[in-house]
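Okay, structure first, notes after.
The values are calculated or read from the model by the stated rules, or taken from the named source; none is laboratory data. Because the structure is a prediction, the values reported are computed rather than measured. For neighbour counting, all protein chains shown are included, and Cβ atoms are generated from backbone atoms with ideal geometry for every residue, glycine included. Each accessible area value is taken on the protein alone, full model and side chains, heavy atoms only, with ligands, DNA and RNA left out. Shrake-Rupley method; radii C 1.70, N 1.55, O 1.52, S 1.80 Å.
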Amino acid sequence: MSHLIELLQQYGLGLVFLNVLALQAGLPLPAYPTLIVAGALAAAGGTPVYQLVGVGVAGALIADSGWYIAGRKFGMRILGTLCRVSLSQDTCVRQTESIFQRFGPSSMLFAKFVPGFASVATAMAGAIRLSYLKFVAFDAVGATLWVGVGVGLGYLFRDAIGELMAKLSSLGKYGVMLVVAGFALYILFKWYRRYVFTRQLRMDRVTVDELRNLIDENKVQALVDVRSALTQAATGRIPGARAIDMKKINEGFKDVPIEGEVIVYCACPNEATAVKVAQQLRKVGFKRIRPLLGGIDAWIEAGHEVEH
């Protein structure tokens, strides 16, 4: 902590800018400790709060614009790429789709407060072709709120932060070990939850080539797209696929014979959402149901047509 204070005293605005830029670009470098300590130093006569907030917002907007451009160029595929480095990669895409579907561009007002959502949300804004001016407007407000809260906490609770820093300093290397141990336990917990979840996803998949043959031979009883309406509109659906309400799965399959071949697909790592839907359908009696390996991305990459 003393090193962080020294760095802020020496580099100030530059350190805040680079830290926020790195975090929003996707690097695992928490920015809130820097923002909070910078806010505490501002209260003691350091760099003014408005300058700290200004450079923090600038760093966030530069990084977010990069993800926006990536979304415009690569489409919805960029979401899968981003979510593969997430500690919650199997739910990352669906969570982003759900939040963006519910709140639209205004979700960027609070995106940075939701772990794992910020970069994916800005990439989705580009993928769905949200106008850049509207994107910047919402993202700038969201970044200002996020940076302002961090700096404001440091400014308002500078005495408590000073006591905490003094305590950690008195602990010396044990204080560092305590912080590292806490972070390691968090990573371990997330990894264990992912391990358990991945085991639950074990199920036979159908490949794109197999699905193409099944469709040509008219052997698919039902082809189901379980993505949000927002992403379906952005990328299109496999011809003949039906969209279902995730909260009313049984109702969406009332007219489908339980003995037929049912294929379910999504756009998330490990076909997580598709597998969960398939498992629910098995519980209600469907005999032959499989997720599509690679989801809609694999279908499009194979050069097959989609419908809007």
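State the number of residues belonging to segment 1-28 that are at pLDDT 80 or above and more than 17 Å from Y155 (Cα to Cα).
Within segment 1-28, the first condition is being at pLDDT 80 or above, and the residues that meet it are 13-27.
Cutting the leftovers down to more than 17 Å from Y155 (Cα to Cα) gives us 14-15, 17-27.
Of the residues in that region, 13 qualify.
Pairing each residue of segment 208-227 that is under 27 Å from R94 (Cα atoms) with any residue that is of a type in the set (S, T, N, Q), provided the two are 6+ apart or on different chains, yields C-beta distances under 7 Å for D225/Q232; V226/T273. In the set (1) modelled with pLDDT under 90; (2) crowded, with 20+ Cβ neighbours inside 10 Å; (3) hydrophobic (A, V, I, L, M, F, W, C); (4) in a helix (DSSP H, G or I), L211 fails one condition alone, (1). Being among the hydroxyl-bearing types (S, T, Y), open to solvent by 20 Å² or more (accessible area, probe 1.4 Å), modelled with pLDDT under 85 and in a helix (DSSP H, G or I) is a property that holds for T81.
Can you find a residue in segment 281-303 that is touching a Cys at 6+ places or on another chain (Cβ under 7 Å) and either part of a helix (DSSP H, G or I) or under 17 Å from Q95 (Cα atoms) (or both)? Yes, because at least one residue in segment 281-303 is touching a Cys at 6+ places or on another chain (Cβ under 7 Å) and either part of a helix (DSSP H, G or I) or under 17 Å from Q95 (Cα atoms) (or both). When segment 254-308 is filtered for residues that are open to solvent by less than 10 Å² (accessible area, probe 1.4 Å) and of a type in the set (F, W, Y), the ones remaining, listed by number, are Y265, W299.
Quick one: is A160 at pLDDT 65 or above, of a type in the set (G, A, S), under 30 Å from I249 (Cβ atoms) and assigned to a helix (DSSP H, G or I)?
Details: at pLDDT 65 or above: yes; of a type in the set (G, A, S): yes; under 30 Å from I249 (Cβ atoms): no; assigned to a helix (DSSP H, G or I): yes.
When the stated conditions are applied, A160 does not pass them.
Of A70, A40, all but one fail to be modelled with pLDDT under 90 and either in a helix (DSSP H, G or I) or open to solvent by less than 40 Å² (accessible area, probe 1.4 Å) (or both); the exception is A40.
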